[in-house]
Amino acid sequence: MQDASKFRRTGGSAVESGSSPETDPDRPVVFVLDDDPDVREALSSLLSSAGLRVLTFGSAAEFLKAKAPRCPACLVLDLQLPDINGLDLQQKLAEVNGPPVVFISGHGDIPSSVRAMKAGAIEFLPKPFSDEELLSAISNAIAKDRETTQQRSELARIQKSYALLSAREREVLPLIAAGLKNKDSAAMLGIAEITLQVHRAQIMRKMAAQSVTDLVRMASKLGIV
């Protein structure tokens with residue numbers, strides 16, 4: 001099994017070892033992983049003409065050594081590769097927040113397509129497929145990656161703010177999220193209501209919450225009930 005640990009996204013960006021091309025955070029990139037050079041060349045030409053940056057690879061090992069641009073991305077992945085099964089690579093990439101996958105295959109079958117989709121693939125396209133089908137799938141994958149990146153970035157920001165809370169403030173936050181009144185929360189913690197109000201104000205400030213509703217939303221994202 002190839003090691004996918006180098007292809008790990010931290011803070012919504014891909015981080016790898018190795019060299020990389022110039023990056024533009026606003027311009028998506030499509031990784032094409034197929035062992036057929038003719039397929040790689042054809043797909044590269046098509047995607048480049050659509051305004052997408054394209055990085056092509058002939059093996060999973062080559063792909064995993066490359067350095068990914070810090071921008072929205074997706075992986076067009078052949079099911080059958082010389083060094084690893086595409087489904088196994090998909091699983092490994094999912095464990096390290098890899099890019100959304102669009103499968104292409106000339107040897108696909110129903111069980112493989114079902115497994116791929118259940119594992120989160122955006123699309124499973126049997127060869128031959130139309131340009132429109134591929135471009136549509138890639139567009140959906142990139143849109144999903146943008147959304148996922150935004151969610152990861154927001155969660156990272158919330159976690160950073162949460163780390164600023166004191167131990168007592170972390171006890172108060174779930175009570176606020178539960179909708180308890182200050183008087184009831186103070187009674188549960190055995191502190192004065194005025195002290196509870198001070199903690200509440202500090203929580204709002206440290207979490208950069210614009211309202212109690214905003215704070216409750218953040219608590220929900222942190223899994224605090």
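Residue count for region 31-54 under the criterion of being outside any helix (DSSP H, G or I) and either in contact (Cβ under 8 Å) with a residue 40 or more places away in the chain or out of contact with any Ser or Thr (no Cβ under 9 Å at 6 or more places or on another chain) (or both): the result is 9.
Taken over region 87-125, the residue count meeting the criterion of being among the hydroxyl-bearing types (S, T, Y) and either surrounded by fewer than 16 Cβ atoms within 10 Å (Cβ to Cβ) or within 18 Å of the chain's Cα centre (by Cα) (or both) is 0.
Taking the condition of a type in the set (G, A, S) and in the same structural domain as V32 (by TED's automatic domain parsing), does A208 pass? Against the criterion (of a type in the set (G, A, S) and in the same structural domain as V32 (by TED's automatic domain parsing)), A208 does not qualify.
Residues are listed down the side, and each one gets a yes or a no for (1) surrounded by 15 or more Cβ atoms within 10 Å (Cβ to Cβ); (2) outside the structural domain of L47 (by TED's automatic domain parsing); (3) of a type in the set (F, W, Y); (4) assigned to a helix (DSSP H, G or I):
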| position | (1), (2), (3), (4) |
| --- | --- |
| E132 | no, no, no, yes |
| A141 | yes, no, no, yes |
| I176 | yes, yes, no, yes |
| L180 | yes, yes, no, no |
| A187 | no, yes, no, yes |
| L196 | yes, yes, no, yes |
| H199 | yes, yes, no, yes |
| M204 | yes, yes, no, yes |
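For the structure I just gave you, tell me whether A219 is under 31 Å from the mean Cα position of the chain (by Cα) and at positive phi. So A219 does not fit the description; no.
The values are calculated or read from the model by the stated rules, or taken from the named source; none is laboratory data. Computed from a prediction, not measured in an experiment: that's the story for all the values here. Please note: Cβ atoms are built from the backbone with ideal geometry, for glycine as well, and neighbour counts cover all protein chains shown.
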